[in-house]
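A.B. asks: Got a structure for you, written out below as structure tokens; questions coming shortly.
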Amino acid sequence: SIFEGQYQDLLAAARAVDILMQDIVTIVSRKAADLASQVWSAVIEQRDLPQVDLRLVHNYLDPDLVQRRYGGYCIAHDVPKHSALDQKLMRAIGATLEDIVSGKVLEAAKAAKQAETEAP
């Protein structure tokens, strides 16, 4: 390419006229290699894993705690909460407003009616 070797030429020219410059590419690549060797050696050296108290973990699965992504301690996944209207519809019909609008209720009703007519 056109720019091949320009970085090395720039470093050589700066050193020739006594301008202090550091070879950032070399420093970053050395640091990355050093970090990679430290991380892998730490993983390899850790042979016996710590025992986990499952009762303690169960305490953090309580969905009433503040979720971890909001700065809390709960590790449970968010459970979709239904609105007041959806709760009423669930009690009355057994489906949410989204299910009714998307047609899932009609499909289920058609399948149930078809199964009912086919049964002897």
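A.B. asks: For a quick check of your reading: which helices (runs of 4 or more DSSP H) sit entirely within region 77-120 and have at least 3 residues that are exposed (fewer than 11 other Cβ atoms within 10 Å of the Cβ) and either β-branched (Val, Ile, Thr) or modelled with pLDDT under 85 (or both)?
C.D. replies: 104-118
A.B. asks: Within region 17-59, take every residue that is assigned to a loop (DSSP other than H, G, I, E, B), farther than 30 Å from residue 6 by Cα and modelled with pLDDT of 70 or more and give me the one that is least open to solvent (accessible area, probe 1.4 Å).
C.D. replies: Filtering region 17-59 for residues that are assigned to a loop (DSSP other than H, G, I, E, B), farther than 30 Å from residue 6 by Cα and modelled with pLDDT of 70 or more, the one least open to solvent (accessible area, probe 1.4 Å) comes out as 53.
The values are calculated or read from the model by the stated rules, or taken from the named source; none is laboratory data. This one's a predicted model, so the numbers in the text were calculated from it and none came from an experiment. For neighbour counting, all protein chains shown are included, and Cβ atoms are generated from backbone atoms with ideal geometry for every residue, glycine included. With ligands, DNA and RNA removed, areas are computed over all heavy atoms of the protein, side chains included. Shrake-Rupley method; radii C 1.70, N 1.55, O 1.52, S 1.80 Å.
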